Amino acid sequence: MKIERLSSDKIRIFLTFDDLSERGIQKEDMWQEIPKVHELFTEMMDQAYNELGFDATGPLAVEVFALPAQGMVVIVTRGKYDHHQYSQLGEDELPEEVYEMEVTLEQSDSIVYAFNDFEVLIEAAHVLHRHITEAGRLYHYRDKWVLYMDPEEIDANQLPSLIAVLAEFGEAASYTEAVLDEYGKVVIAENAVDVICTHFKRQD
């Protein structure tokens, strides 16, 4: 489980499928009201508080993105605490935890990985080049290099090895193609892996 802060009121949590299976949770369980999912969410919020000081009290919007062969990205956005709702209660009666969760689930077959360092992306591209040549679009978005791959460009048998390489060098991202097209800058429109390998040498 990996947690990062996106803003003062928003965090992102990356869960691998191992994280889920260790807790006896299936991907399909994530949008069901069952005890072990609630326990996982409580564990995530405890870790977010301990690592980032993120206080999850109050209404929360929870977005769950299922990624192919990678795991799940959970975006938690903290809303404003509604003091009027509890205005008739005394201070001692205020609930300790107010998880007013609004959960939405999206599943994407797209493969999206972000890289902080272009040199690391070059290294990843040279390893990927052993498996694929005609795939990938490269964006620059939020000070990161984002490699987007359409699953139709990839042989399904190669997917696990590609994900393993991407996960070693980059970080799974939940950006959609629409968001990248609208807010990101297209750096390489097609065959990004091959173009990077052609123009940039891997450092020893």
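The values are calculated or read from the model by the stated rules, or taken from the named source; none is laboratory data. Here the structure is a predicted model, which is why all the values come from computation and not from measurement. Note: ideal-geometry Cβ built from the backbone for every residue, glycine included; neighbour counts use all protein chains shown. Note: areas computed on protein heavy atoms with side chains; ligands, DNA, RNA excluded. Shrake-Rupley method; radii C 1.70, N 1.55, O 1.52, S 1.80 Å.
A 1.4 Å probe run over the protein chains yields, for segment 122-171, 50 Å² of accessible area per residue, whole-number rounding. Karplus-based coupling profile of segment 2-17, in residue order and whole Hz: 10, 10, 9, 8, 9, 7, 5, 10, 9, 10, 10, 10, 9, 10, 7, 5, with θ = phi - 60° in 6.51 cos²θ - 1.76 cosθ + 1.60 and x standing for Gly or Pro. By accessible area, using a 1.4 Å probe on protein heavy atoms only, segment 111-199 has 45% of its surface on carbon and sulfur. Think of each Lys and Arg Cβ as +1 and each Asp and Glu Cβ as -1; about the Cα centre, that makes the dipole of segment 111-199 roughly 180 debye. Kindly provide the Kirkwood hydrodynamic radius of segment 111-199 in Å, to one decimal, from all pairs of distinct alpha carbon atoms. It works out to 12.7 Å. Cross-link partners of Lys2 among lysines, defined as those whose alpha carbon lies under 22 angstrom from its own and excluding same-chain residues fewer than eight positions apart: Lys10, Lys27, Lys36, Lys144.
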